[in-house]
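Q: A single structure is presented below for examination.
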Amino acid sequence: MRRKLVAGNWKMNGVRASLGELDAIAAMVAEGVDVAVAVPFTLIAAAAERVPGLGIGAQDVHHADAGAHTGCVSAAQAGDAGARFTIVGHSERRADCNETDTIVRAKAKAARRHGLDVILCVGETLAERDAGQAVSVVTAQLAGSLPEGAAGDWLSVAYEPVWAIGTGRTPTVADVAAMHGAVRAELRRLSGEEAARVRVLYGGSVTADNAAALIGASDVDGALVGGASLTAAKFVPIIAAAAAL
Ligand code: PGA
């Protein structure tokens, strides 16, 4: 049985005054689901100190361990600040920062080298879905960016259709189940039996209203939540929905 994981992604939102939101979110850790929040780099240390029971993470790390990469943050530095995990391959970084599958895989490996858990994101654009290519695009991204030796105790996959992120649109539950089945099958091809232990999260416009249906879909092991993770009022009901499944 895979334990559910509900992870927040604050993106480029939040300052120290926002950290109070984490108090009520941290209280949900007792509810039998794993709860995590990827905060901006600037808040990792303060968040990890404030809510030690909550999994605080980064939204990205550089693939190198150290060196001349102005403005970047390494996995070692994120971990030193208190991060326990990092997101890699988010579609906003794939698009904004031209991150390829090869780079995403290198980031996942760097995170693992430095003891961080990983949430590896994949997802198709609307044009790709309309062209009937959603499954082939997503499984190719997974094959290209999953690190060797990926195991369920440190890596989760997040399926996030690009067209569902921040738009209020979501795929149908049937479409989510179908894609998660395809992701699971690709994981099995790539990682054999370990695939049964890797959590596959759904992400894209998850709210309190749709969380139970989406997280309850077959082969869905939790959610990666952007906008609705910014306040406890919106995020706690999503965690509660996952805990009730
Ligand atoms: P959203 O973002 O919940 O605001 O759609 C999800 C994500 O990008 O992880």
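Nothing in this text is a laboratory measurement; each read-out follows from the coordinates by a stated rule. All figures in this text were calculated on a predicted structure; none of them were measured in a lab. Glycine gets a Cβ as well: all are built from the backbone with ideal geometry, and neighbour counts include every protein chain shown.
Q: Which residues, counting only those in segment 222-243, are of a type in the set (A, V, I, L, M), over 14 Å from S18 (Cα atoms) and more than 10 Å from the ligand (Cβ to nearest atom)?
A: Within segment 222-243, V236, I239, A240, A241, A242, A243 meet the criteria.
Q: Here is a follow-up. Is segment 188-199 home to any residue that is more than 10 Å from the ligand (Cβ to nearest atom), under 24 Å from K11 (Cβ atoms) and surrounded by fewer than 24 Cβ atoms within 10 Å (Cβ to Cβ)?
A: Yes, because at least one residue in segment 188-199 is more than 10 Å from the ligand (Cβ to nearest atom), under 24 Å from K11 (Cβ atoms) and surrounded by fewer than 24 Cβ atoms within 10 Å (Cβ to Cβ).
Q: Of all residues in segment 151-169, how many are surrounded by fewer than 22 Cβ atoms within 10 Å (Cβ to Cβ), over 12 Å from R112 (Cα atoms) and more than 11 Å from the ligand (Cβ to nearest atom)?
A: Qualifying residue count, segment 151-169: 1.
Q: Against the condition touching a residue at least 12 places away in the same chain (Cβ under 8 Å), crowded, with 20+ Cβ neighbours inside 10 Å, on the phi > 0 side of the Ramachandran plot and not hydrophobic (A, V, I, L, M, F, W, C), how does G82 come out, does it pass? Full working, then the answer.
A: Details: touching a residue at least 12 places away in the same chain (Cβ under 8 Å): yes; crowded, with 20+ Cβ neighbours inside 10 Å: no; on the phi > 0 side of the Ramachandran plot: yes; not hydrophobic (A, V, I, L, M, F, W, C): yes.
In short, no.
Q: Test each condition in (1) assigned to a helix (DSSP H, G or I); (2) of a type outside the set (D, E, K, R); (3) in contact with a strand residue (DSSP E or B) (Cβ under 8 Å, 6 or more places away or on another chain) for L201 and report the one that comes out false.
A: So the condition that L201 fails would be (1).
Q: Hey, can you tell me all the residues within segment 83-100 that are more than 11 Å from the ligand (Cβ to nearest atom) and either assigned to a helix (DSSP H, G or I) or of a type in the set (D, E, K, R) (or both)?
A: Within segment 83-100, R84, R94, A95, D96, E99 meet the criteria.
Q: In segment 216-244, what count of residues is obtained for those that are among the β-branched types (V, I, T) and either under 24 Å from G152 (Cβ atoms) or in contact with a His (Cβ under 6 Å, 6 or more places away or on another chain) (or both)?
A: From segment 216-244, those among the β-branched types (V, I, T) are 220, 225, 231, 236, 238-239; that's our starting set.
Those left that are additionally either under 24 Å from G152 (Cβ atoms) or in contact with a His (Cβ under 6 Å, 6 or more places away or on another chain) (or both): 220, 225, 238-239.
The qualifying residues number 4.
Q: When residues of segment 205-225 are filtered for being touching a Ser or Thr at 6+ places or on another chain (Cβ under 8 Å) and on the phi < 0 side of the Ramachandran plot, how many remain?
A: Summing the residues that are touching a Ser or Thr at 6+ places or on another chain (Cβ under 8 Å) and on the phi < 0 side of the Ramachandran plot in segment 205-225 gives 4.
Q: If only one of A127, A76, A106 is under 30 Å from A174 (Cβ atoms) and assigned to a helix (DSSP H, G or I), which one is it?
A: Details: A76 fails: under 30 Å from A174 (Cβ atoms); A106 fails: under 30 Å from A174 (Cβ atoms).
On inspection, the qualifying residue turns out to be A127.
Q: Collect the residues in segment 37-77 that are charged (D, E, K, R) and under 24 Å from V6 (Cα atoms), keeping them in residue-number order. Working first, answer last.
A: Applying the first criterion (charged (D, E, K, R)) to segment 37-77 yields 49-50, 60, 65.
Answer for segment 37-77, where residues must be charged (D, E, K, R) and under 24 Å from V6 (Cα atoms): E49, R50, D60.
Q: Mind telling me which of the residues V104, V51 ends up being closer than 26 Å to L22 by Cα and in contact with a helix residue (DSSP H, G or I) (Cβ under 6 Å, 6 or more places away or on another chain)?
A: Numbers: V104 fails: closer than 26 Å to L22 by Cα.
Of V104, V51, the one residue that is closer than 26 Å to L22 by Cα and in contact with a helix residue (DSSP H, G or I) (Cβ under 6 Å, 6 or more places away or on another chain) is V51.
Q: Among the listed residues V51, V29, V104, which satisfies the condition of being closer than 27 Å to D221 by Cβ and buried (at least 23 other Cβ atoms within 10 Å of the Cβ)? Walk me through it before giving the result.
A: Numbers: V51 fails: buried (at least 23 other Cβ atoms within 10 Å of the Cβ); V29 fails: buried (at least 23 other Cβ atoms within 10 Å of the Cβ).
Every option except V104 fails the conditions.
Q: So S218 clears everything in (1) surrounded by fewer than 19 Cβ atoms within 10 Å (Cβ to Cβ); (2) touching a residue at least 40 places away in the same chain (Cβ under 8 Å); (3) part of a helix (DSSP H, G or I) except one condition, right? Which one?
A: (3)
Q: Return the pairs, sorted by first residue and then second, in which the second residue is within 12 Å of the ligand (Cβ to nearest atom) and among the basic types (K, R), the first residue lies in segment 221-233 and is assigned to a loop (DSSP other than H, G, I, E, B), the beta carbons are less than 8 Å apart, and the residues are 6+ apart or on different chains.
A: Between residues of segment 221-233 that are assigned to a loop (DSSP other than H, G, I, E, B) and residues that are within 12 Å of the ligand (Cβ to nearest atom) and among the basic types (K, R), the close pairs are G226/K11.
Q: Next question. All but one of (1) assigned to a loop (DSSP other than H, G, I, E, B); (2) more than 21 Å from D96 (Cβ to Cβ); (3) in contact (Cβ under 8 Å) with a residue 12 or more places away in the chain hold for R169; state the number of the condition that does not hold.
A: Single failed check for R169: (2).
Q: Quick check on this structure: which one of E49, E21 is part of a helix (DSSP H, G or I) and within 16 Å of the ligand (Cβ to nearest atom)?
A: Going through E49, E21 in turn, just one is part of a helix (DSSP H, G or I) and within 16 Å of the ligand (Cβ to nearest atom): E21.
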